Number of protein chains: 4
Amino acid sequence: MRVSFIGLGAMGFPMAGHLAKNFDLTVWNRTGSVAQEHARTFGSGAASKLADCGDADAIITILPTSREVDEIIDELAPKLKSGALWIDSTSGDPLQSRQSAKRLNDRGVRFVDAPVTGGTPGAEKGTLTVMIGGSESDFRRAQDIVKPFSAKIFHCGGVGMGHAIKVITNTMNAANIWVAGEGLLALKKLGMDMKLALEVINAGSGRSNATENLVPKRVVDGQWPLTFKLSLHDKDIRIANSLAHSQHLVSPVFGLVGQFFTAACNELGHQADYMDVLKYAARMNGEEW
Amino acid sequence: MRVSFIGLGAMGFPMAGHLAKNFDLTVWNRTGSVAQEHARTFGSGAASKLADCGDADAIITILPTSREVDEIIDELAPKLKSGALWIDSTSGDPLQSRQSAKRLNDRGVRFVDAPVTGGTPGAEKGTLTVMIGGSESDFRRAQDIVKPFSAKIFHCGGVGMGHAIKVITNTMNAANIWVAGEGLLALKKLGMDMKLALEVINAGSGRSNATENLVPKRVVDGQWPLTFKLSLHDKDIRIANSLAHSQHLVSPVFGLVGQFFTAACNELGHQADYMDVLKYAARMNGEEW
Amino acid sequence: MRVSFIGLGAMGFPMAGHLAKNFDLTVWNRTGSVAQEHARTFGSGAASKLADCGDADAIITILPTSREVDEIIDELAPKLKSGALWIDSTSGDPLQSRQSAKRLNDRGVRFVDAPVTGGTPGAEKGTLTVMIGGSESDFRRAQDIVKPFSAKIFHCGGVGMGHAIKVITNTMNAANIWVAGEGLLALKKLGMDMKLALEVINAGSGRSNATENLVPKRVVDGQWPLTFKLSLHDKDIRIANSLAHSQHLVSPVFGLVGQFFTAACNELGHQADYMDVLKYAARMNGEEW
Amino acid sequence: MRVSFIGLGAMGFPMAGHLAKNFDLTVWNRTGSVAQEHARTFGSGAASKLADCGDADAIITILPTSREVDEIIDELAPKLKSGALWIDSTSGDPLQSRQSAKRLNDRGVRFVDAPVTGGTPGAEKGTLTVMIGGSESDFRRAQDIVKPFSAKIFHCGGVGMGHAIKVITNTMNAANIWVAGEGLLALKKLGMDMKLALEVINAGSGRSNATENLVPKRVVDGQWPLTFKLSLHDKDIRIANSLAHSQHLVSPVFGLVGQFFTAACNELGHQADYMDVLKYAARMNGEEW
């Protein structure tokens, strides 16, 4: 099977590496030298121009936002084979994906959204979790293609549902991080040691992925690594809130947390890590971590 | 050692049961028959009047709120021995506890706040987590007394810090529950199966005690058991917010979640369980679980 | 000058009445009998089909949302004269208006957004305030056409700026209404007479259009008239929040108030008046007005 | 009638000036030289020590917070005549006032809370609005005493209700200011001139004391005068929110706006003017006025 892979960023590069062992793989990247490096490293074929990706049974995209995916679709659609399957692993917008799917379907091309979670370690080890939105038969086709880089593959519903649960999960994480920040800053102000506070919280009902994994090392130990840009997390929350909005849903905490992520972007710059939102929370309190 | 135990509710009854095996224990309850039942069950001594609790080396209280503790202190203080230790396991108010401690200290009586977590199962098995606020030496004395019903005992700081971390942990839990509700209601509206949604969330970054333990059985399986009254959880959040308030802290999500717990109390009545706040969240969305 | 007027609702009917005295006016309405009644009342010409509106120097639309405007544009655009001016008085979406303007411009047709404020009394008396977005020369053309039904005409900037300030003004009003509700409900709970409370508030710094005009008669006197549907006000807030969102603005109170308007729609139904949001506020407090 | 006046700040100094013409007036201030200056200016008698204020028919206090009032009451109460009337014009806390009233009543002294609004211009011209809480007969006595500096005097209910409506009015003003800020910042980002924006808003439904009086000169004209400290306004909102809290009221916008005033205090310092909260709002948006 011929597969094209478009977008060789921190996630895409190793993901495509796993596929090179299983498929006849062509890779493309806006900066061409990255594709050539991929070819040297994994034995894939580097496309010299985007159009070379058109003649494939499956096309995988993983790009910053759905806007870039749309631009690629516009450019590549006329070259695609009828019956091809487009798999979009971008952390994208469900409503835009439905429109993309429709445009592709009109040309006989199938579409699933298939965002991933697990970070660059998961991409390198091939143990990502993939959340797929699309028809039952498209899901089954996609499943076989993404298997080389995945540990868990979920069929989440129709087109857009992969993106939907991805952004909602990220927004829940964002909210739980902020909540952990409010609790810890209050305890800090009262004079409590942060490690003891986390130990007590994690022995009780207030624990979350934020208190068990994210805050201890990254914040309390003062490491603050850059793992996922604040501006990209802000974008995911923005998509989740637009989605809620368009469904007439009432999500006041998602909404409020989104405001603080945006304010933190405005204050800290778009290169900041998403955990830096807790620096912004501390600043509101006139404190530091 | 002579120990008096005041407040034989769902938690206090089994907690005092463990102490009866280790100390010369006198128990008292507003409804006297409960004390007599405790005496029959565990071989404790049932006090016929509150004053009988005064002649003890340690007094333990576990009552609905700090207000009831204050009333008992007012009544019992003149009867207490100098050097006695008061251990308050109520889920109480740190600022009121500091005043109570001061009043008792003036009479030569020591005070620690020692709220517990772990629910009635933990109380029955003697595996509670205890969060103690008080001086180093008072902590050591209290530790020996609460050991029979505890699995973990934390020294959280000076008087009030046990109560402080208890209410802040409960507020973090409240917020994480509400956040889980917003996420799940959005996915429900989009047509996703709730069990699948939880499975995906718990495989990713959005997981918390709420999504892993509380919501699956209680909400999604439709059990909605009464384990902790909404109005008592609302009181804990109210204490946490007052505490933040008095420290000039900025805790907007704690504040907003507290508003919804209070609104849910107004709507659902004070007998509702705290997880019923998610029924209120669903209602805001025009949905049902 | 030939003018076509599309949308003879509670606002459009009297607005078009003023135009009939000044221009060669053709009117159209989805329900044709309304157009015929307009012709009988004001001497306008009732179009039997939408296409009859195409041959005009200016076309005015005032419809529920920008979606209906877009549908009419799609249908009518091929019939329009080059150089015609489209004036959209719908309370619409600035971003959609910019797209509409572009589509019309491509065919040589000009576009301004020109939403109005002042209610049906203002429409009947011809004393509306009109907020126009468009180029300087388009503004001047539009000004002459809307003059018969207007007391004040503002040029607010380029295309979309009329809609923008309209929805933002409405959202400020929504927020001020909600704020008045929180203040008055607190005073009510404390036992204060509502008329006295309003008198004191309006003698001091807390006054707004809500406390001076809207709440006294409609809420406190118990009249609760239907003047503007809650669901339409909710739509305007939704547009304002989307606009803020797309500009990466931080507008937490606009966001939160929007959530309560949506929740009130879900609770009270879409036919409720926008002031009924205060019934929802009272209900959250377990009170009634 | 002998009257004592305690607290000669920016408001108290001119207020007491009006009383000096009508009563046998003794004035006291923490900094004694201010009392002497008052005596020279208005012919009042400067008390050399607080105790000299005790022998009066009425005592008026106007101090930063209820805490300072309580300290003065503790010191002066043993010196007071039975039947004397204490009038507290501090912008104070209703719940603390009720306790103060009780302590004074126990000694045969009456109490009303009587906060004022109208600013230093109103204090100088003697045209303040006074909001009185107390019994009907105490209100009538107080009315005759405060008349020289007042244009409007309201009887708002029992003890504490003057303070209650004062802090609630101030919180409504705070919220309306913030709402005006969100609206204007959005319009600014969209490129609209601020004066035009205010003109349109004030011609429509979104107008408030904030948009009509406070924002145009102080913010848009760039004057930012210091008229009322941010930290004192923050204190008033804090009292209003505590009051709402203690009554189990649901006031989410009051709550959220209070959070932003506290954050602005933490960011801008306690000497900032209350309108400076809009500098904080701009900063959240990465903008400047």
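The values are calculated or read from the model by the stated rules, or taken from the named source; none is laboratory data. This is a predicted model, so every value here is computed, not measured. Positions of Cβ are backbone-derived with ideal geometry, glycine not excepted, and every protein chain shown enters the neighbour counts. Quick note on the areas: whole protein, heavy atoms, side chains included, nothing else; ligands and nucleic acids left out. Shrake-Rupley method; radii C 1.70, N 1.55, O 1.52, S 1.80 Å.
Here are the numbers for this structure:
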| quantity | calculated |
| --- | --- |
| Looking only at the stretch B:151-161, and only at residues there that are more than 7 Å from chain A (Cβ to nearest Cβ) and in contact with a helix residue (DSSP H, G or I) (Cβ under 8 Å, 6 or more places away or on another chain), the one that is least open to solvent (accessible area, probe 1.4 Å) | B:Gly160 |
| Residue count for the stretch D:172-187, restricted to those that are more than 7 Å from chain C (Cβ to nearest Cβ) and farther than 16 Å from C:Ser251 by Cβ | 1 |
| The one condition in (1) assigned to a loop (DSSP other than H, G, I, E, B); (2) open to solvent by 20 Å² or more (accessible area, probe 1.4 Å); (3) free of Cβ contacts under 8 Å to residues at least 60 places away in the same chain that C:Pro64 fails to fulfil | (3) |
| Qualifying residue in the stretch B:129-148 (condition: open to solvent by 10 Å² or more (accessible area, probe 1.4 Å), touching a strand residue (DSSP E or B) at 6+ places or on another chain (Cβ under 6 Å) and over 16 Å from B:Ala16 (Cα atoms)) | yes |
| Qualifying residue in the stretch D:256-263 (condition: open to solvent by less than 20 Å² (accessible area, probe 1.4 Å), among the polar types (S, T, N, Q) and under 25 Å from C:Leu190 (Cβ atoms)) | yes |
| Members of the stretch A:187-210 that are of a type in the set (A, V, I, L, M, F, W, C) and within 21 Å of A:Tyr274 (Cα to Cα) | A:Met194, A:Leu198, A:Ala210 |
| Any hit, the stretch B:188-209, residues being out of contact with any strand residue (DSSP E or B) (no Cβ under 7 Å at 6 or more places or on another chain), buried (at least 24 other Cβ atoms within 10 Å of the Cβ), at pLDDT 95 or above and more than 7 Å from chain A (Cβ to nearest Cβ) | no |
| Qualifying residue in the stretch B:132-150 (condition: at the interface with another protein chain (Cβ under 7 Å from one of its Cβ atoms) and either under 11 Å from the mean Cα position of the chain (by Cα) or of a type outside the set (Ser, Thr, Tyr) (or both)) | no |
| One residue from A:Gly126, A:Gly92 being closer than 17 Å to A:Leu232 by Cβ and in contact (Cβ under 8 Å) with a residue 60 or more places away in the chain | A:Gly92 |
| Residue list for the stretch A:245-255, filter: of a type outside the set (Val, Ile, Thr) and open to solvent by less than 10 Å² (accessible area, probe 1.4 Å) | A:Ser251, A:Pro252, A:Phe254 |
| Of residues in the stretch D:117-128 being surrounded by fewer than 24 Cβ atoms within 10 Å (Cβ to Cβ) and within 13 Å of chain C (Cβ to nearest Cβ), the one modelled with the lowest pLDDT | D:Gly119 |
| Condition broken by D:Glu71, with the remaining ones in (1) under 30 Å from D:Ala240 (Cα atoms); (2) part of a loop (DSSP other than H, G, I, E, B); (3) open to solvent by 70 Å² or more (accessible area, probe 1.4 Å) satisfied | (2) |
| Test: residue in the stretch A:215-237 that is among the polar types (S, T, N, Q), open to solvent by 10 Å² or more (accessible area, probe 1.4 Å) and at the interface with chain B (Cβ under 7 Å from one of its Cβ atoms) | no |
| Selection within the stretch D:75-93 - open to solvent by 10 Å² or more (accessible area, probe 1.4 Å) and within 27 Å of D:Thr129 (Cβ to Cβ) | D:Ser91, D:Asp93 |
| A:Lys21 being more than 21 Å from A:Glu124 (Cβ to Cβ) and either without any contact (Cβ under 8 Å) to a residue 12 or more places away in the chain or of a type outside the set (Phe, Trp, Tyr) (or both) | no |
| Criterion violated by D:Gln96 - all others in (1) at pLDDT 95 or above; (2) open to solvent by less than 70 Å² (accessible area, probe 1.4 Å); (3) not β-branched (Val, Ile, Thr) satisfied | (1) |
| Within the stretch A:1-59, tally of residues that are assigned to a strand (DSSP E or B), among the hydrophobic types (A, V, I, L, M, F, W, C) and open to solvent by less than 20 Å² (accessible area, probe 1.4 Å) | 7 |
| Residues within the stretch D:259-289 that are under 18 Å from C:Phe254 (Cα atoms), more than 17 Å from the chain's Cα centre (by Cα), within 14 Å of chain A (Cβ to nearest Cβ) and part of a helix (DSSP H, G or I), tallied | 9 |
| Selected residue [farther than 20 Å from B:Asn173 by Cβ, of a type outside the set (Asp, Glu) and in contact with a His (Cβ under 8 Å, 6 or more places away or on another chain)] from A:Tyr274, A:Tyr280 | A:Tyr274 |
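Condition check ((1) out of contact with any Phe, Trp or Tyr (no Cβ under 9 Å at 6 or more places or on another chain); (2) assigned to a helix (DSSP H, G or I); (3) of a type in the set (Phe, Trp, Tyr)) across all residues:
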residue	(1), (2), (3)
B:Ile201	yes, yes, no
B:Glu212	yes, yes, no
B:Arg218	no, yes, no
B:Gly222	no, no, no
B:Leu243	yes, yes, no
B:Val250	no, no, no
